[in-house]
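Asker: Handing you this structure, nothing more for now.
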Amino acid sequence: MKIKNNIKVLLVYPPNQLMDVETPRPDGSLGPLYLASSLEKIGIQADILDASVGSDDFALENTFYRRIKQGNGLIRIGMNFDEIAEYVVKKNYNFVAISSNFTPQTTMAFRTAEAIKEKDNEIKVFAGGVNARNLHKRFLKTGNFDGICLSEGEIIFPKMILAATNNYPISKIPGTASISKEGKYILNPVDQSCFPGSLDDLPMPKWEGLPFNKYEKISSPHGIDVTERKAQRYAPIMTSRGCPFKCTYCHISEEKNNSNLYGDIGSLRMHSIERVINEIDYLKSLNVHKLFFEDDSLLANKERVKTIFKKVRNKNLSISNVNGVNLVHFFNTKDRAKWTNNQFNIDKEYLEILKDSGFDQIVFPVESGSKRILKLYATNKVNLDRMDLFKLMKVMTDMKIQAPVNMMIGFPDETEEEIKTSIDFAKKLMDHGAPYVTFFIPIPFPGSALFNIALSGDHINKNFNTDKMNWKNPVMKNTTVSPERLIELRDKANQEVNTKEHLRKRLINSAGHRFAEQIN
């Protein structure tokens, strides 16, 4: 198919809606950045708009710091939907692609598409991301989306644009979902043509398309930084894709069971070490000083990670945080001669390499203090019999690696006794140096195995409200511990486990972003 002249594509992170107690953050995730570079590789202009902070024409006071109370009770920040539509038309974009990874933001994607179509129905609007592909029927039913990408989009999405440009049916492109004029949903599963031979075949993300200047002013990257470093330019990077585990709450766990439709996107695949170093060097040329690793399982191949971070040790970079960490990788598990009393020994050399490379904060995802819950819902990836997590926390603390703990309470059949076991476990981790513990409530996000468990167990309705799919809300019903009791246990644990100083800082941090227009 031919590339026509003057084709312009806008990749959009929609505005953000959040509960009043949440700390707002820009998106800036890697998906749209990879799509932009893939489009430009074949000669199509691709621009990026993070609507939560707005284009260069919009001040942060009129976007990120503008709080609009909506009818659903949530606060919306960012450009108005009419402003986005006006921007699209004014800049003469032919195509718009809306990123939708997070289920609580579904309404934001819907309203963005609706405003654009109302402004000019000739503009083609597409969507992608784990949420969009798993809710493709909901997206298409709105009548405002011309197609949904069903997998990783670097190869699929350019083909969708070329098809639309040449009046070729989107439904003929493998890896897409569309709807016929008669209202029939058309799924075209992926095939081998949808994926590169290796990750290195993909162009580097278009990081330069991000509004770095605005992100720096906000200084609110992924996660909570407890190291009190000064604000620095930060950017996401992904050295691998997929994960060796299959936890039921993971957003792509069910997709691993449906590779015929989505492809083998859940399997662990890695960039070469040379490619990773080249990407880091490129980010440094953009004056990036802080990295957020988006990998779902960054530390899985230990020798590879050691090599990478030994090479970047002298590049004067710090680490904002890591998306996916599995605690088993901090232990020596393969050499039984190094075990003590049938327990894995801590791999201190590995931790020292990470620390020397800039990791002064690493999330500590215990998930549960219950062996049954870990086995049933978390792939048994945390072996409490062989992994001394209290000792690991002490070692990391002594090395001055801050390790905030993630704990999950409220699985469908989890008992109150099991929840209290997790809370007691968290208290002991605090005694061994944890800076704080966050108690998450498991959410059955579309795409996760937990979503299917929730549907089959009548824990969630088929017509569930996406606005309520927030980790602060116990959205599942008919659970062993009632939603009301779960909130009581969660709030009490948060007060009892965490220090008053931490709770105060979290409140100030959240309020500081929510009310920055008054503070400034």
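Asker: Calculate the dipole size of segment 84-221 relative to its Cα centre from +1 charges on Lys and Arg beta carbons and -1 charges on Asp and Glu beta carbons; express the result in debye to the nearest 20.
Answerer: 480
Asker: Distance from the Cα centre of segment 1-71 to that of segment 235-307, in angstrom?
Answerer: After rounding, the separation between the Cα centres reads 22 Å.
Asker: Any of LYS184/LYS375; LYS246/LYS472; LYS302/LYS394 with alpha carbons more than 30 Å apart? Name them for me.
Answerer: Working: LYS184/LYS375 41 Å; LYS246/LYS472 23 Å; LYS302/LYS394 21 Å.
Beyond 30 Å: LYS184/LYS375.
Asker: Follow-up. Apply the Karplus parameterisation 6.51 cos²θ - 1.76 cosθ + 1.60, with θ equal to phi minus 60°, to every residue of segment 40-47 and state each ³J(HN,Hα) to the nearest whole Hz, in sequence, with x for glycine and proline.
Answerer: Each residue's phi maps through the Karplus curve to give 5, 4, 9, x, 9, 5, 9, 10 Hz.
Asker: Roughly how many percent of the accessible protein surface of the chain is carbon and sulfur, given a 1.4 Å probe and a whole-percent answer?
Answerer: Working: 10520 of 22320 Å².
Its accessible area is 47 percent carbon and sulfur atoms.
Asker: Hey, another quick one. Of the labelled options [x] 1.00; [y] 1.04; [z] 0.95, which one gives Rg/Rh (Cα atoms, Kirkwood Rh) as computed for this structure?
Answerer: Answer by label: [z].
Asker: Are any of the pairs LYS428/LYS468; LYS290/LYS310; LYS91/LYS124 more than 24 Å apart by Cα-Cα distance, and if so, which? The partial results should precede the final answer.
Answerer: Working: LYS428/LYS468 32 Å; LYS290/LYS310 17 Å; LYS91/LYS124 15 Å.
Violating the 24 Å limit, Cα to Cα: LYS428/LYS468.
Asker: If the only charges are +1 at each Lys and Arg Cβ and -1 at each Asp and Glu Cβ, what is the size of the charge dipole of segment 72-144 around the Cα centre, to the nearest 20 debye? Working shown, then result.
Answerer: Details: 11 positive and 7 negative charges, 66 e Å.
That gives segment 72-144 a dipole magnitude of about 320 debye.
Asker: Return one whole number: the accessible area per residue of the chain in Å², for a 1.4 Å probe.
Answerer: Details: 22320 Å² over 520 residues.
It amounts to 43 Å² per residue over the chain.
Asker: Have a look at GLY410, TRP471, PHE195 and report the one farthest towards the positive end of the charge dipole of the chain, computed about the Cα centre with Cβ charges (Lys/Arg +1, Asp/Glu -1).
Answerer: Positive-end residue among those listed: PHE195.
Asker: Also: Restrict the search to segment 142-188; then list the GluC sites (Glu not before Pro) that DSSP places in a loop and that have at most 11 other Cβ atoms within 10 Å of their Cβ. Write out the running numbers ahead of the final one.
Answerer: Details: sites: GLU152, GLU154, GLU182; in loops: GLU152, GLU182.
Of the GluC sites (Glu not before Pro), the ones in loops of segment 142-188 whose Cβ has at most 11 other Cβ atoms within 10 Å are GLU182.
Asker: Counting helices only, and only those DSSP H runs with n ≥ 4, report the 222 nm mean residue ellipticity of the chain as the sum of -39,500 (n - 2.57) divided by its residues, in deg cm²/dmol to the nearest 500.
Answerer: Values: 18 runs with 178 residues, N = 520.
That calculation yields -10000 deg cm²/dmol at 222 nm.
Asker: Once phi is turned into ³J(HN,Hα) by the Karplus curve 6.51 cos²θ - 1.76 cosθ + 1.60 with θ = phi - 60°, what whole-Hz value does each residue of segment 396-404 show in order, with x for glycine and proline?
Answerer: For segment 396-404, the Karplus-derived couplings read 5, 5, 5, 7, 6, 9, 6, 10, x Hz, x marking Gly and Pro.
Asker: To the nearest 20 debye, what charge dipole does the chain have about its Cα centre, counting +1 at the Cβ of each Lys and Arg and -1 at the Cβ of each Asp and Glu? Mind dumping the intermediate values first?
Answerer: On the way: 71 positive and 62 negative charges, 71 e Å.
That gives a dipole near 340 debye.
Asker: Given the C-alpha centroids of segment 77-105 and segment 125-155, what is the distance between them in whole angstrom?
Answerer: Cα centres, segment 77-105 to segment 125-155: 15 Å.
The values are calculated or read from the model by the stated rules, or taken from the named source; none is laboratory data. Only a predicted model underlies this, so the values are computations on that prediction, with no experimental measurement involved. Don't worry about glycine lacking a Cβ; one is built from the backbone with ideal geometry, like all the others, and counts go over all protein chains shown. Ligands, DNA and RNA are stripped out before the accessible areas are found, and what is left, the full protein with its side chains, is counted by its heavy atoms. Shrake-Rupley method; radii C 1.70, N 1.55, O 1.52, S 1.80 Å.
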